[in-house]
Amino acid sequence: MQLLDGNLCAKEIREEISIKVRTLKKQGNRVPHLVAVLVGNDGASKNYVAFKARDCDEVGFQSTVTTLPETITETDLLKKIDELNNDIAVDGFIVQLPLPKHIDETKIILAINPIKDVDGFCPENVGNLCLGLPTYISATPNGIMELLKRYDIKTEGKHCVVLGRSNIVGTPISILMSRNTDPGNATVTLAHSRTKNLIQLCASADILIVAIGKTEFVTNEMVKEGAVVIDVGQTRVPDQTKKNGFRNVGDVDFENVKQKCSYITYVTGGVGPMTRASLLQNTLKAHERRSK
Ligand code: NAP
């Protein structure tokens, strides 16, 4: 079994980006600028945004965190989006999800200018992804593809089961894995909560990508000998032995499954850091598109 080390690959990506930023600076150019909009006080969201800002600092990007109150109205948040769409000093921005219940997330996503949509959630960017046109591929699926590429994992002709059909992970990764690309060219089955015979289906996968948000759902019997297993899941569970009082648990029962796998990700050092690195790649792309 080999661990797919997302921390290591993400560090490589950050170093590649840092070199490009240093060149931009030497040439007297403006550096990429990412804005993260954080609404409310959700602890996990605050952490994610803080990490994203730290990543920006590390590679030499400008970053701004715009913190808005939990009570902000949808109209006022839409005004903020409009401001960012029109701010020429901003290359890309993200609105950290989830949003408070009184705000319609779809309405917010639809309001973001696709050119600045570095999360790749807008219909135009998702449509481009489906057609194989240049786009911002949303960060988590892009991070998974990068991980497969950097470990030179052969996916052509393989059976890939994707567990979970969310708009931000399951659906886009199923499309990317089925496209005529490398990595890609897999035969993909997209499974969800209504799928029958899930155990047998997962056990038939050469590549199993799991994004359901159910802790340690994938057990030994669901994994084929020699499979590649990518665990996207990341659920906080209380843990008093930890300084912050919780630990992140994946959708795969790692200890139970690892010996069967040819490659496997580990919850805190796999897909998470790759997702963050992909956001940096998309921000650099946004800057390059605007500079052309
Ligand atoms: P989501 O929107 O919560 O959707 C969950 C999906 O899993 C749905 O398609 C659902 O099916 C399916 N599902 C739920 N229970 C199932 C079951 N028992 N059997 C089969 N399918 C089941 O998913 P998400 O936003 O993609 O998040 C999934 C997990 O990934 C979460 O733990 C999240 O925190 C994590 N995540 C991690 C990163 C990262 O960077 N590491 C990024 C994004 C998400 P239905 O459609 O039928 O309801």
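Within segment 212-225, track down each residue that is among the hydrophobic types (A, V, I, L, M, F, W, C) and either under 19 Å from LEU3 (Cβ atoms) or in a loop (DSSP other than H, G, I, E, B) (or both).
Residues of segment 212-225 among the hydrophobic types (A, V, I, L, M, F, W, C): 212, 217-218, 222-223.
Scanning segment 212-225 gives ILE212, PHE217, VAL218, VAL223.
To keep it simple, each residue is scored yes or no on (1) of a type in the set (A, V, I, L, M, F, W, C); (2) crowded, with 20+ Cβ neighbours inside 10 Å; (3) in the same structural domain as PRO100 (by TED's automatic domain parsing).
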| position | (1), (2), (3) |
| --- | --- |
| ILE13 | yes, yes, no |
| SER18 | no, no, no |
| GLY40 | no, no, yes |
| GLY43 | no, no, yes |
| VAL49 | yes, yes, yes |
| ALA53 | yes, no, yes |
| CYS56 | yes, yes, yes |
| GLN62 | no, no, yes |
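Please report, ordered by residue number, the helices (runs of 4 or more DSSP H) entirely within segment 85-180 with at least 3 residues that are surrounded by 14 or more Cβ atoms within 10 Å (Cβ to Cβ) and touching a residue at least 60 places away in the same chain (Cβ under 8 Å). Spell out the reasoning first.
Working: elements: 105-111, 123-131, 139-150, 170-178.
Once the helices (runs of 4 or more DSSP H) in segment 85-180 are filtered for at least 3 residues that are surrounded by 14 or more Cβ atoms within 10 Å (Cβ to Cβ) and touching a residue at least 60 places away in the same chain (Cβ under 8 Å), what remains is 139-150.
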TODO: Please indicate, with yes or no, whether at least one residue in segment 222-230 is among the small types (Gly, Ala, Ser) and in contact with a His (Cβ under 7 Å, 6 or more places away or on another chain).
DONE: no
Task: Test: residue in segment 226-244 that is assigned to a helix (DSSP H, G or I) and either of a type outside the set (Lys, Arg) or within 20 Å of SER166 (Cβ to Cβ) (or both) - done: no
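May I ask you to list the residues in segment 44-63 that are in a helix (DSSP H, G or I) and touching a residue at least 24 places away in the same chain (Cβ under 8 Å)? Steps first, answer last, please.
Just the residues of segment 44-63 that are in a helix (DSSP H, G or I), to begin with: 44-59.
Across segment 44-63, the qualifying residues are ALA44, SER45, TYR48, VAL49, PHE51, LYS52, ASP55, CYS56, GLU58, VAL59.
Out of everything in segment 245-290 that is assigned to a helix (DSSP H, G or I) and farther than 30 Å from VAL31 by Cβ, what residue ends up being farthest from the ligand (Cβ to nearest atom)? Can you show your working first?
Of all residues in segment 245-290, those assigned to a helix (DSSP H, G or I) come to 254-260, 271-290.
The next check asks that each one be farther than 30 Å from VAL31 by Cβ; those that pass are 254-260.
Numbers: PHE254: 14, GLU255: 18, ASN256: 17, VAL257: 16, LYS258: 18, GLN259: 23, LYS260: 20 Å.
Looking at residues that are assigned to a helix (DSSP H, G or I) and farther than 30 Å from VAL31 by Cβ, I get GLN259.
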Task: Extreme residue, nearest to LYS149 (Cα to Cα), among residues of segment 1-43 that are of a type in the set (A, V, I, L, M, F, W, C) and assigned to a loop (DSSP other than H, G, I, E, B) - done: MET1
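The values are calculated or read from the model by the stated rules, or taken from the named source; none is laboratory data. Keep in mind it's a predicted model, so treat the numbers as computed, not measured. Positions of Cβ are backbone-derived with ideal geometry, glycine not excepted, and every protein chain shown enters the neighbour counts.
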